[in-house]
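Participant: Just dropping this structure here.
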Amino acid sequence: MSNAAESTTPNTIVLIHGLWMSPLSWEKWIERYESRGYRVLAPSWPGMEGGVEQLRSDPSPIARQSVKTIVDHYDRIIRELKRPPIIMGHSFGGTFTQILLDRGLGAVGVGVAPSTVRGVVSLPLSTLRATTSLSRNPDQPA
């Protein structure tokens with residue numbers, strides 16, 4: 001591989017957990033990717049750096065979160081890297097991944113069952129149209 005390709009090929013994966021989760025949810029993923037030579041970062045959301053037991057005893061850090069605060073937190077982490085990383089997020093983390101990619105951060109992003117944002121229909125319009133008659137009268141024979 002040439003030096004130019006090496007300098008642009010992602011060597012880091014940033015994992016973003018979802019709501020009611022912690023970086024521990026990525027434990028096996030971290031092992032897998034590190035065994036393949038990647039540097040893996042799985043930082044918690046800001047204010048949620050404590051262990052699971054601590055968060056269970058005091059969940060108030062979750063209540064103080066906002067999309068902007070969380071995304072800005074990961075934005076700062078990613079901007080400190082020498083190369084754009086692979087960004088992977090689960091649930092709300094998948095949504096945050098999309099926002100970070102929209103900001104021009106990351107070489108590529110992966111959303112694992114990303115959350116749907118307000119105003120985005122989860123089902124294609126064609127599916128909604130095809131099932132409208134069933135939703136109006138579910139007892140009617142097909």
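What follows draws every value from the coordinates through simple rules; no lab data is involved. Values in this document were obtained by computation on a predicted structure and should not be read as measured data. Here the Cβ is made from the backbone with ideal geometry for all residues, glycine too, and neighbour counts use every protein chain on show.
Participant: Write out the GluC sites (Glu not before Pro) in region 1-70 meeting two conditions: DSSP loop, and at most 16 other Cβ atoms within 10 Å of their Cβ. Numbers along the way, then the final one.
Facilitator: Details: sites: GLU6, GLU27, GLU31, GLU34, GLU49, GLU53; in loops: GLU49.
When the GluC sites (Glu not before Pro) of region 1-70 are filtered for loop state and at most 16 Cβ neighbours within 10 Å, GLU49 remain.
Participant: For ILE16, list long-range residues whose amide hydrogen, built 1.01 Å from N in the peptide plane, is under 5 Å from its own amide hydrogen.
Facilitator: MET88, GLY89, HIS90
Participant: Okay, next question. How much length would be gained if the chain were fully extended between LYS28 and LYS82, taking 0.36 nm per residue of separation minus their Cα-Cα distance, in nm to one decimal?
Facilitator: Working: separation 54, 0.36 × 54 = 19.44 nm, distance 2.52 nm.
Full extension from LYS28 to LYS82 adds 16.9 nm.
Participant: For every other residue with a beta carbon closer than 11 angstrom to the beta carbon of ILE13, add +1 if it is Lys or Arg and -1 if Asp or Glu, then tell me the sum. List each step's numbers first, then the result.
Facilitator: Numbers: positive: ARG32, ARG36, ARG39; negative: GLU34.
Its environment carries a net charge of +2.
Participant: Calculate the FRET efficiency for GLU53 and ASP75 from the Cβ-Cβ distance with a Förster distance of 41 Å, rounded to the nearest 0.05.
Facilitator: Details: r = 29 Å, r/R0 = 0.71.
Efficiency computed from Cβ-Cβ geometry: 0.90.
Participant: For region 85-96, take each phi angle, set θ = phi - 60°, evaluate the Karplus expression 6.51 cos²θ - 1.76 cosθ + 1.60, and give the result in whole Hz per residue in order, putting x for glycine and proline.
Facilitator: Each residue of region 85-96 in turn: x, 7, 10, 10, x, 10, 6, 4, x, x, 5, 4 Hz.
Participant: Gain in length, LEU19 to LYS68, computed as 0.36 nm per residue apart minus the alpha-carbon separation, to one decimal in nm? Could you put the intermediate results ahead of the total?
Facilitator: Values: separation 49, 0.36 × 49 = 17.64 nm, distance 1.46 nm.
Extra length available between LEU19 and LYS68 comes to 16.2 nm.
Participant: Something else now. Rg(Cα) of region 3-116 divided by 2.2 N^0.38 Å?
Facilitator: Numbers: Rg = 14.1 Å, N = 114, 2.2 N^0.38 = 13.3 Å.
Output field value: 1.06.
Participant: Here's a follow-up. Could you pull out the chymotrypsin sites (Phe, Trp or Tyr not before Pro) across region 5-106 that fall in loop regions by DSSP (anything but H, G, I, E, B) with no more than 11 other Cβ atoms inside 10 Å? Show your work: numbers first, answer last.
Facilitator: Details: sites: TRP20, TRP26, TRP29, TYR33, TYR38, TYR74, PHE92, PHE96; in loops: TRP20, TYR38.
Counting only loop positions with at most 11 other Cβ atoms within 10 Å, the chymotrypsin sites (Phe, Trp or Tyr not before Pro) in region 5-106 are TRP20.
Participant: Hey, another quick one. Looking at region 14-49, which trypsin sites (Lys or Arg not before Pro) are in a loop (DSSP not H, G, I, E or B) and have at most 12 other Cβ atoms within 10 Å? Provide the component values of the computation, followed by the final result.
Facilitator: On the way: sites: LYS28, ARG32, ARG36, ARG39; in loops: ARG36.
Loop-located and lightly packed - ARG36.
Participant: Taking a ≥ b ≥ c as the square roots of the eigenvalues of the Cα gyration tensor of region 17-78, is the shape rounded (a/c under 1.5), prolate (a/b larger than b/c) or oblate?
Facilitator: Here region 17-78 falls in the oblate category.
Participant: Whose amide H sits under 5 Å from the amide H of VAL40, counting only residues 5 or more places off or on another chain, with H placed in the peptide plane?
Facilitator: ILE13
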